[in-house]
Amino acid sequence: MEENLYGILRAGFADCLDEPCLCPPGQAARSYRELDELSARYAGLLGELGLQAGDRAVAQVEKSTEAVALYMACLRTGVIYVPLNTAYTPAELEHFLGDAQPRLFVATPAAAVEPAAQQADVPHLLSLDSQGGGSLAQRARSVVPRETLEPRAASDIAAIVYTSGTTGRSKGAMLSIGNLASNARTLYSLWGWRADDVLLHALPVFHVHGLFVALHCALLGGHRVLFHTRFDAPVVRGALAEATVMMGVPTFYTRLLEEPGFSKADCARMRLFISGSAPLLAASMEAFAQRTGHRILERYGMTEAGMITSNPLDGERIAGSVGYPLPGVTVRVRSDAGQDCPVNEVGQVEIRGPNVFAGYWRQPEKTRAEFTADGFFRTGDLGSLSADQRLTLVGRSRDLIISGGYNIYPKEIESALDALAGVAESAVIGVPHADLGEGVVAIIVAAGEPPEEAALHDALTGRLAKFKHPRRYVVLNSLPRNAMGKVEKQRLRERYTELLSQDPSFI
Ligand code: MCA
Ligand code: AMP
């Protein structure tokens with residue numbers, strides 16, 4: 001049986017080689033055959049550079065057909081693909097390169113990445129720009145394409161995706177071929193893909209949502225993908241006319257709803273809108289249904305497990321619920337004492353199934369700590385199960401902030417702030433933000449004269465990716481603490497809950 005993930009996907013689109021695959025707006029469509037040939041060429045280049053199955057290739061590249069072909073080339077050759085958010089600064093990059101120890105780093109051209117690559121002793125640094133040009137493309141032109149696929153086992157690692165840890169340092173979640181293939185096949189069937197489906201793809205391709213969930217489904221059936229480099233509400237609205245399926249984070253839907261006159265007429269061919277990565281407000285779901293006649297299908301996932309639950313394709317899609325466990329996936333809700341919670345009672349969400357990752361890269365201790373003795377993964381989410389196994393999430397036991405679908409760990413920002421002269425200590429919280437769901441706010445205790453907001457902002461620039469920067473700073477004389485001395489973040493969240501709703505604009 002074919003276990004090379006590229007082979008599995010190729011079998012899905014083998015009959016559609018001359019059909020359009022990736023269609024960036026305003027540019028010529030690239031057919032499945034072109035993607036196949038380009039990825040074979042890149043696979044040849046990986047071999048020429050000496051990369052072998054199990055080696056890592058880190059990619060911090062803009063969304064393009066070539067970026068997808070690079071991922072496919074890794075699948076073809078068994079090289080482990082490690083995508084990185086393009087917003088990460090060189091300072092953040094050092095950690096990822098040092099941890100993944102790749103043999104190849106492909107980056108959007110920038111002198112700033114060179115020192116990080118040198119420091120981590122990365123043997124090969126290639127460039128790939130947003131137009132698909134750069135040294136990767138140049139070098140690949142003169143290599144012999146590699147057509148043969150590396151024989152692989154389902155347990156082999158296909159990708160490592162970094163996900164922030166509570167300690168502030170990201171951990172690499174190792175996703176096996178079996179994890180990705182089982183999830184893709186399940187979603188393809190569960191969401192009822194039809195031969196004429198066209199996917200509107202406006203998500204980044206460095207996260208599980210855009211790279212695996214969306215792309216794998218489309219490739220498995222040889223579907224046309226309207227491939228937008230980013231989510232631009234008016235542009236995406238226009239493109240909906242040609243699409244039948246869209247996957248997005250809740251911000252996509254709230255932004256579409258802000259489009260004047262957005263209505264049923266914009267979605268004439270659409271059959272399915274899917275939302276996930278962060279909670280979809282019931283109000284957004286109802287407003288969307290009223291305006292378009294479509295009830296958004298909300299599902300729940302995480303980097304370590306791909307998709308876990310989904311509202312039904314046929315059947316009631318309930319606002320506020322993330323639906324039923326996917327076929328083959330077991331979800332349970334447990335008390336802090338490790339007992340199954342009664343129906344509808346909130347507890348820790350734990351999961352088991354073929355989608356659950358193989359562990360954190362080179363972190364056996366952390367991996368062990370996140371699994372129960374009987375093999376369930378502790379998601380860190382809090383929720384309840386109904387009598388018929390419908391899951392409702394109510395929050396997270398971790399301190400995680402989710403802003404526009406990006407995960408942000410307060411500890412990382414607090415450490416950066418605490419290191420600044422003028423800051424005695426800090427507490428970082430997420431508060432409601434109309435556009436992004438949650439926005440970051442930093443509470444500062446000054447050491448001496450309180451620092452200016454602009455000075456704090458400047459001090460974080462270059463250290464932390466922009467999306468992690470606090471949108472507001474509040475200076476207090478001291479942080480509220482409980483009897484154990486722990487900062488009472490819930491009190492801070494309550495007190496500042498309105499802070500960004502007055503002016504959610506970017507600072
Ligand atoms: C951009 N900015 C942000 C965010 N995105 N700030 C906070 N949160 C964000 N998510 C900042 C930029 O740094 C910039 O700041 C300014 O906003 C404008 O940037 P731009 O790129 O123009 O933003 P945008 O195009 O409006 O992007 C917002 C977005 C985007 C559409 C919500 O972030 C997005 O596509 N998010 C999807 C994330 C995703 O795929 N998550 C899935 C994770 P400045 O102006 O200061 O420079 S996978 C996952 O969670 C699991 C598996 C699951 O269940 O799916
Ligand atoms: P990540 O680590 O980036 O993969 O984010 C995973 C986290 O996103 C999960 O643990 C949840 O907390 C959250 N998440 C994903 N989908 C949903 C959803 N539909 N509703 C609420 N939270 C979600």
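Within the range 405-435, the set of residues being out of contact with any Ser or Thr (no Cβ under 6 Å at 6 or more places or on another chain), assigned to a strand (DSSP E or B) and farther than 19 Å from R491 by Cα comprises Y406, I408, V423, A424.
Residues are listed down the side, and each one gets a yes or a no for (1) touching a residue at least 40 places away in the same chain (Cβ under 8 Å); (2) outside any loop (DSSP other than H, G, I, E, B); (3) away from ligand 1 (no atom under 16 Å from the Cβ); (4) of a type outside the set (D, E):
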residue	(1), (2), (3), (4)
G439	yes, yes, no, yes
I443	yes, yes, yes, yes
G448	no, no, yes, yes
L456	no, yes, no, yes
F467	yes, yes, no, yes
P470	yes, no, no, yes
V475	no, yes, yes, yes
L479	yes, no, yes, yes
A483	no, no, yes, yes
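Tell me whether the range 350-364 contains one or more residues that are in a helix (DSSP H, G or I), under 21 Å from the mean Cα position of the chain (by Cα) and either within 16 Å of ligand 1 (Cβ to nearest atom) or small (G, A, S) (or both). Within the range 350-364, none of the residues are in a helix (DSSP H, G or I), under 21 Å from the mean Cα position of the chain (by Cα) and either within 16 Å of ligand 1 (Cβ to nearest atom) or small (G, A, S) (or both). Scanning the range 227-242 for residues that are surrounded by fewer than 23 Cβ atoms within 10 Å (Cβ to Cβ), away from ligand 1 (no atom under 12 Å from the Cβ) and in contact (Cβ under 8 Å) with a residue 40 or more places away in the chain yields A239, L240, E242. Only residues that are of a type in the set (D, E) and at pLDDT 95 or above were counted across the range 382-400, and they come to 1. Looking across the range 91-113, the residues that are touching a helix residue (DSSP H, G or I) at 6+ places or on another chain (Cβ under 9 Å) and free of Cβ contacts under 8 Å to residues at least 40 places away in the same chain come down to L93, E94, L97, G98, P109, A110, A112.
Exactly one residue out of S478, S501 is more than 28 Å from A110 (Cβ to Cβ) and under 26 Å from the mean Cα position of the chain (by Cα): that is S501.
Would you point out the residue of the range 377-414, among those that are among the small types (G, A, S) and touching a residue at least 40 places away in the same chain (Cβ under 8 Å), that is surrounded by the fewest Cβ atoms within 10 Å (Cβ to Cβ)? Here the answer is A387.
Can L97 be described as crowded, with 23+ Cβ neighbours inside 10 Å, within 28 Å of G462 (Cα to Cα) and more than 16 Å from ligand 1 (Cβ to nearest atom)? Considered against the rule, which asks whether it is crowded, with 23+ Cβ neighbours inside 10 Å, within 28 Å of G462 (Cα to Cα) and more than 16 Å from ligand 1 (Cβ to nearest atom), L97 comes out as yes. Across the range 264-286, a minimum of one residue is classified as more than 13 Å from ligand 1 (Cβ to nearest atom) and within 19 Å of the chain's Cα centre (by Cα).
Regarding E258, is this residue of a type outside the set (A, V, I, L, M, F, W, C), more than 27 Å from N407 (Cβ to Cβ) and away from ligand 2 (no atom under 14 Å from the Cβ)? Judged against the criteria, E258 is not a match. Filtering the range 368-404 to residues that are under 30 Å from H457 (Cα atoms), of a type outside the set (S, T, Y), outside any strand (DSSP E or B) and in contact with a strand residue (DSSP E or B) (Cβ under 8 Å, 6 or more places away or on another chain) leaves R398, L400, G404.
Pairs are defined by a Cβ separation below 8 Å, a sequence spacing of at least 6 or placement on different chains, a first member in the range 292-320 that is aromatic (F, W, Y) and at pLDDT 95 or above, and a second member that is part of a loop (DSSP other than H, G, I, E, B) and within 11 Å of ligand 1 (Cβ to nearest atom); the pairs so defined are Y300/G276; Y300/V322. Counting only helices (runs of 4 or more DSSP H) that sit wholly inside the range 104-223, those with at least 1 residues that are β-branched (V, I, T) and either away from ligand 1 (no atom under 16 Å from the Cβ) or surrounded by 17 or more Cβ atoms within 10 Å (Cβ to Cβ) (or both) are 113-119, 177-190. Just wondering, is there one or more residues in the range 141-151 that are free of Cβ contacts under 8 Å to residues at least 12 places away in the same chain and under 27 Å from the mean Cα position of the chain (by Cα)? No, every residue in the range 141-151 fails to be free of Cβ contacts under 8 Å to residues at least 12 places away in the same chain and under 27 Å from the mean Cα position of the chain (by Cα).
With the structure loaded, tell me whether S284 is in contact with a Pro (Cβ under 7 Å, 6 or more places away or on another chain) and closer than 29 Å to V161 by Cβ or whether it fails that test. It is true that S284 is in contact with a Pro (Cβ under 7 Å, 6 or more places away or on another chain) and closer than 29 Å to V161 by Cβ. Out of the residues in the range 312-325 that are assigned to a strand (DSSP E or B) and within 18 Å of L272 (Cβ to Cβ), which is farthest from ligand 1 (Cβ to nearest atom)? The residue in question is Y324. Being touching a residue at least 60 places away in the same chain (Cβ under 8 Å), surrounded by fewer than 17 Cβ atoms within 10 Å (Cβ to Cβ) and more than 24 Å from the chain's Cα centre (by Cα): is that true of A87 here? Spelling it out, it is not the case that A87 is touching a residue at least 60 places away in the same chain (Cβ under 8 Å), surrounded by fewer than 17 Cβ atoms within 10 Å (Cβ to Cβ) and more than 24 Å from the chain's Cα centre (by Cα).
Checking each residue in the range 68-98 for being in a strand (DSSP E or B) and out of contact with any Phe, Trp or Tyr (no Cβ under 6 Å at 6 or more places or on another chain) picks out I80, V82.
The values are calculated or read from the model by the stated rules, or taken from the named source; none is laboratory data. The model shown is predicted, which means the values in this text are computed figures rather than measured ones. With ideal geometry, Cβ positions are generated from the backbone for all residues, glycine too; neighbour counts draw on all protein chains shown.
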